[in-house]
2 protein chains.
Amino acid sequence: MSAGKTTRPPDANATLARRPFVRHADAFKSGSDTPSAFLDRCLAAIDTHNGGIRAFVTMNVDAARKAADAASARWRAGKPLSPIDGMPVGIKDVIETVDMPTGMGSPLYDGWRSQRDSATVYALREAGAVVVGKTVTTEFAATVPGPTRNPHDLSRTPGGSSSGSAAAVGAGFLSAALGTQVVGSILRPASYCGAWGFKPTVGALNRGGSHDYMSQSCAGVIAASADDCWAVACAIAERAGGDPGAPGLYVEDEAGASAGGPLTLASLRLPGWDKADPRAVSALDGVLDRLRKSGIAVRDVDLSETLAPALPLTRKINGWESRWPLNTYADRAAGKLSAAMHDRLREAEAMTLSGYRADTAQREAIRRDYAKLAETASACITLSAPGVAPQGIAATGDPIFAVPSSLLGVPAISMPLATIDGLPLGIQLVGFRDKDATLFAVARRVAAVMDLA
Amino acid sequence: MSAGKTTRPPDANATLARRPFVRHADAFKSGSDTPSAFLDRCLAAIDTHNGGIRAFVTMNVDAARKAADAASARWRAGKPLSPIDGMPVGIKDVIETVDMPTGMGSPLYDGWRSQRDSATVYALREAGAVVVGKTVTTEFAATVPGPTRNPHDLSRTPGGSSSGSAAAVGAGFLSAALGTQVVGSILRPASYCGAWGFKPTVGALNRGGSHDYMSQSCAGVIAASADDCWAVACAIAERAGGDPGAPGLYVEDEAGASAGGPLTLASLRLPGWDKADPRAVSALDGVLDRLRKSGIAVRDVDLSETLAPALPLTRKINGWESRWPLNTYADRAAGKLSAAMHDRLREAEAMTLSGYRADTAQREAIRRDYAKLAETASACITLSAPGVAPQGIAATGDPIFAVPSSLLGVPAISMPLATIDGLPLGIQLVGFRDKDATLFAVARRVAAVMDLA
């Protein structure tokens, strides 16, 4: 871990502070701050640090400035379109944008323009958000990384597949960025980069116009604060809903967890727990201690057996589901698909529809099992990752603690609550299907106990 | 109706015979016929008749000949890839193809190339099918028609939105063609054009790479015979499965309806029954009489009340679900969207997520109600459309009898069993969720009773 310190600038934490937006509403209203000035500060941070971090594939600064000016005028007139009117956001480069190419992290899509906004991007624009650029993704949001580096230590991975989104938010380039997760692609990079990460209930945010078609795939948000994260998700849900047929994000906390009453958390032991850095486990224990002292009940729950299939089963399900389009891509230009993708395709070609049915049935059984926990806990708490971001950018780290919520289809939040040697480590909350609002209420209480602004 | 006769060539039925493929397997094996020769006969029919019918947007004859030659060699070697190896097929032009543009029936997508095959098209090619061309669709598979005319009477609509697919199969240009249905876009044109039409259980065939994203949307098949229809569907399901998360098409008839034992059909009275042409009702009665005489039990079931919301509820659900991408298209080039699409978008913009949730909950309740029918009937039988194809090509006809299976998410088949004044009229079978194979078994029994080859 010590090697990391040498490449990290001494003032990293000071210059790379997260840049929350929603809390400045009063300043935007009064005119003491404006979205245009806010954007300028983001662009200055990008100018200074993006050369090393490389969070973006493409930017559209002119359009961003224009959008920020329009937002500034609306706040001045007392008529913001939404709480995120003027918020600088980034878009993972598997999600289509009308004004920028969508490269999918693959030479197959180099410079490709869909000439439309995805459902999420369109909703963000309707809400007034300022789309600054496209953020680096691994190849087709899977394994092979792009050039992005961890803002807290340039010698380390930012995590993947939402690498650029997490790095940009962790570096204070943006207040929020869209990500996608089918294994651990939001929670892990959020943990590594010191950002909030939100993987919603499966189907809760409309995936239309995103290269993100698997049955566990989710559009989600990486953001500078819990409020920014939730505001972005709500702005999308209200305007674009969820996936067709799904009920979409429920924005009200029916359980009333925000009311400050009794709260029980299940402290989860996950499969692969022996991989956890002892310092990470002790950081989690420190958080749990403070929560207990604040009056929140915490009980230990060992799901390492129930969730043991989470990663292998996810990989099998994703395998069958990526048979197409990998097969048509391989036919078109085999040399432009990575070896990892060719391996995945080969495995997929050996699978059968009846095998897939058995796999999804097993997933369904695990989901039913997990759902029973809701009778005794408002949410679960655990680590987002086994430790801080590993050295090197050739791999994006281990998704082992992030994959359970993907398999379960339930909401999860990575909270930037801990550090090891100054490097961020996420503490994860895992919730229950369609109870995303409750999970955010719990996250706010936990953050308050931990004095996280 | 009589006006139609004047533009219909006197030998229409002779020259425009459907062109079934699967039944020629023995001839392909023995070499007395070949897929290449079969394709030549299709191309000759296209040469002669497509000028008037205009079923295609694009064709790739060179690639088709090459694929047919390869299939011919495989049959000769006794190693066909599947029962549809060498079958000439067409692809509705909302479904992506690597070798041809995908125009969506919209000037917004004129000449657009996705550079990949859809999941269905890739599966068809893997099974050896010969992709001849892209078939005309209405604008974004919705309302505004293309130039296609009914092969049985050029002054009449072929129906929509799978206009070109149905016309091409009805004209004997192809043995099968892919369609999509969210209201009545497979069953209605199949009925009007004298083809078999199959709208599977929702999610049964993978929609990846198709502009066909609504929650009731289905990829389906229009074909020259029941066997061709089913063989194409099975070939896709085995290779591409269903939509991600869905179990995919079940290819086995668990109910054993194919065994020839006792069979009960529910004769359905649908909402809008008063719109039915009395000659259509009497054609249906004629079919029911023959079925009863053959020993099949038929009992009357009136679902006109249960299914009364089918069309208005479908339109509301589709409305919210097409908010995106219509909003981003309208922003990009408002003048390239039809007035009908602008109307739909305006309605959609007035909708809310909570209204949508109520609509899908109502749909779910209707589905549960309908499912009870399975206790007393193997399938339902009714009309595919209120009558034959109406005059004119400015509108594509009334989807009122085709929409119930869309709302219900259940399989339906339009069988070319009847005619009125020489114009085709489909008799519809409606089945139960995931019981697509049973429905085909019933269809084959019905066709046999009716002496339909």
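Quick note: the coordinates plus some simple rules give every number you see, no bench work behind them. Worth saying up front: this structure is predicted, and the values here are computed from it rather than measured. Cβ placement follows ideal geometry from the backbone for every residue including glycine, while neighbour counts extend to all protein chains displayed.
Applied to region B:239-250, the Karplus parametrisation 6.51 cos²θ - 1.76 cosθ + 1.60 on θ = phi - 60° returns per-residue 3J(HN,Hα) values of 9, 10, x, x, 4, x, x, 8, x, x, 4, 7 Hz, with x for Gly and Pro. How would you classify chain B from its alpha-carbon gyration tensor, with a ≥ b ≥ c the square roots of the eigenvalues: rounded for a/c under 1.5, else prolate if a/b is greater than b/c, otherwise oblate? It comes out rounded by the Cα gyration axes. Around the amide H of B:ARG156, modelled in the peptide plane, lie the amide H atoms of B:ASN150, B:GLY392, all under 5 Å away and 5 or more residues distant in sequence or on another chain. Our coupling estimate for region A:334-349, obtained by passing each phi through the Karplus curve with A = 6.51, B = -1.76, C = 1.60 and θ = phi - 60°, is 3, x, 8, 9, 5, 4, 4, 5, 5, 4, 4, 5, 4, 4, 5, 5 Hz, Gly and Pro reported as x. Our note on the geometry: Cα centres of region B:434-453 and region A:248-318, 53 Å apart. Hey, what did region B:310-364 get for relative contact order, percent, Cα under 8 Å, at least 6 apart? Rounded, it is 51 percent for region B:310-364. When you restrict to C-alpha pairs under 8 Å that are six or more residues apart and normalise by the size of chain A, the relative contact order lands at 18 percent. Beta bridges per DSSP, both residues in chain B: antiparallel share near 60 percent. Computed from label points 7 Å out along Cα-Cβ, the spacing between A:LEU452 and B:ASP62 is 6.0 nm. Comparing Cα centroids, region B:125-203 and region B:34-111 end up 14 angstrom apart. For B:LYS275, the distances from its label point to the matching points in the remaining copies are 5.7 nm, ordered from shortest, with each point set 7 Å beyond Cα toward Cβ. Counting from the shortest, the label point at A:ALA333, 7 Å from Cα toward Cβ, is 2.4 nm from the same position in each remaining copy.
List the GluC sites (Glu not before Pro) within region A:230-319 that DSSP assigns to loop and that have no more than 13 neighbouring Cβ atoms inside 10 Å. Could you put the intermediate results ahead of the total?
On the way: sites: A:GLU238, A:GLU252, A:GLU254, A:GLU305; in loops: A:GLU252, A:GLU254, A:GLU305.
Loop-located and lightly packed - A:GLU252, A:GLU254, A:GLU305.
Among DSSP beta bridges whose residues both lie in the protein assembly as shown, state the antiparallel percentage, nearest 5. Please report the intermediate quantities before stating the final value.
Numbers: 59 of 95 bridges.
Rounded to the nearest five, the antiparallel share is 60 percent.
Placing a label point 7 Å from Cα along the Cα-to-Cβ direction at A:PRO312 gives distances to the equivalent points in the other copies of 5.4 nm, listed shortest first. With a ≥ b ≥ c taken as the square roots of the eigenvalues of the C-alpha gyration tensor of region A:80-164, please select rounded if a/c is under 1.5 and otherwise prolate if a/b is larger than b/c or oblate if it is not? Since a/c reaches 1.5 but b/c is at least a/b, the shape of region A:80-164 is classed as oblate.
Here are some pairs, A:LYS435/B:LYS316; B:LYS199/B:LYS435; A:LYS79/B:LYS336; A:LYS435/B:LYS372; which of them have Cα atoms lying more than 20 Å apart in this structure?
On the way: A:LYS435/B:LYS316 26 Å; B:LYS199/B:LYS435 12 Å; A:LYS79/B:LYS336 32 Å; A:LYS435/B:LYS372 32 Å.
Over 20 Å apart, Cα to Cα: A:LYS435/B:LYS316; A:LYS79/B:LYS336; A:LYS435/B:LYS372.
Near the amide H of A:ALA418, under 5 Å away, which other amide H atoms are found, from residues 5 or more places off or on another chain, if H is placed in the peptide plane? The list, which skips near neighbours in sequence, is A:LEU425, A:ILE427.
Karplus-based coupling profile of region A:417-434, in residue order and whole Hz: 9, 9, 9, 10, 6, x, 9, x, 9, x, 9, 9, 9, 10, x, 10, 3, 6, with θ = phi - 60° in 6.51 cos²θ - 1.76 cosθ + 1.60 and x standing for Gly or Pro. For region B:272-304, list residues with backbone N below 20 Å from a point placed 7 Å from the Cα of B:THR264 toward its Cβ? B:288-304, by backbone N distance to the label point.
Which chymotrypsin sites (Phe, Trp or Tyr not before Pro) from region B:219-304 combine a DSSP loop assignment with at most 10 other Cβ atoms within 10 Å? Let's see the in-between values first.
Working: sites: B:TRP230, B:TYR250, B:TRP273; in loops: B:TYR250.
Taking region B:219-304 and a limit of 10 other Cβ atoms within 10 Å, no loop chymotrypsin sites (Phe, Trp or Tyr not before Pro) are found.
For the rotational copy pair A/B, the chain A residue whose Cβ lies nearest the symmetry axis, together with its distance in Å, is A:SER114, 5. Under 5 Å from the amide H of B:ASP93 lie the amide H atoms of B:THR135, B:THR137, each residue being 5 or more positions distant or on a separate chain, with H modelled from the backbone and absent for Pro and chain starts.
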